[in-house]
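Visitor: One structure follows; several queries about it will come next.
No lab work stands behind these numbers, since they all come straight from the coordinates. Just so it is clear, the structure is predicted and the values come from calculations on it, not from any experiment. Methodologically, a virtual Cβ is constructed for each residue, glycine included, from the backbone with ideal geometry; neighbour enumeration extends over all protein chains shown.
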């Protein structure tokens, strides 16, 4: 039974084979610009925050599901009975389907956040804040997808090794070249199967070959998932790069505005200082002229008095 974190609250948005449908060819401009995700419209900072929290929650669920899927991979590899093997695979597929839906919802939220973050009608500072949170969540989702992809690759390798051991048990005389060739190529696989039926008892051969066929099909499923995750990783990386470029542009623009304001304040202060200096100079000149006039009047008066007394 799935744990509560993995139970789907909504029907799956995509199937196991359709992760590529959310690949790197999505045109953001072609999506309705109502900034909606899961029926929630992004019109205010609080609604933007709610969508961001929802995306973060989806990423958290993805992280937990990856751990569960990895555990189920290990159980499938070491399952000794066909019934247990089938049961584990069924449970793992449920987790995988739920994980696909979680990734789709997280990506949908990121696209809605991206459009809202780049809304030309809001202030550049608000765009920078929204863009910063958006790119941080996009990176977080990309990192989890990379962890998922790496885990699936490792499980494909483990499955190959398990398959090789089954072949070796069934046909000890088979070489490693024959065995791994049979794992990778259908024609080589038929040749090795024929060899196994010739050297083993028929009943035992059928059992081994049935187990081999099931596990070989599982390898194909895992590798298909790896391919889909690779495309999705490229897509999310493009979202990160696209938003980061816009965020850098906004930051540079804001810095230029702040620089211009700072230079303007310096220029205004310089103008005021020059005006004050000019005013002080004019005041001092006026005082000097007034003193000079007083001195001139005093001298003229003194000379007039001296002449009238006949002293000059």
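Visitor: Starting from the 7 Å offset along Cα-to-Cβ, what nm value, one decimal, do you get for the label separation of residue 207 and residue 46?
Guide: Each label point lies 7 Å from its Cα, and together they span 6.7 nm.
Visitor: While we're on this one: Once a ≥ b ≥ c are taken as the square roots of the eigenvalues of the Cα gyration tensor of the stretch 71-131, is the result rounded (a/c under 1.5), prolate (a/b larger than b/c) or oblate (a/b not larger than b/c)?
Guide: Prolate, because a/c is 1.5 or more and a/b exceeds b/c.
Visitor: Return the ratio Rg/(2.2 N^0.38 Å) for the stretch 151-219, where Rg is computed over Cα atoms only. Please report the intermediate quantities before stating the final value.
Guide: Values: Rg = 11.4 Å, N = 69, 2.2 N^0.38 = 11.0 Å.
Compared with the compact-globule rule of thumb, the stretch 151-219 sits at 1.03.
Visitor: Taking the Cα atoms of the stretch 103-240 alone, what are Rg (to one decimal) and Dmax (as a whole number) in Å?
Guide: Final numbers for Rg and Dmax: 23.5, 78 Å.
Visitor: Suppose each label sits 7 Å from its Cα in the direction of the beta carbon; what would the residue 223-residue 186 distance come out to in nanometres?
Guide: Going from the residue 223 label point to the residue 186 one covers 1.2 nm.
Visitor: Cα-Cα pairs above 17 Å in the stretch 126-168: how many percent?
Guide: 55
Visitor: With label points built 7 Å along Cα→Cβ from the Cα atoms of residue 244 and residue 80, find their separation and express it in nm.
Guide: The answer from the label model is 5.0 nm.
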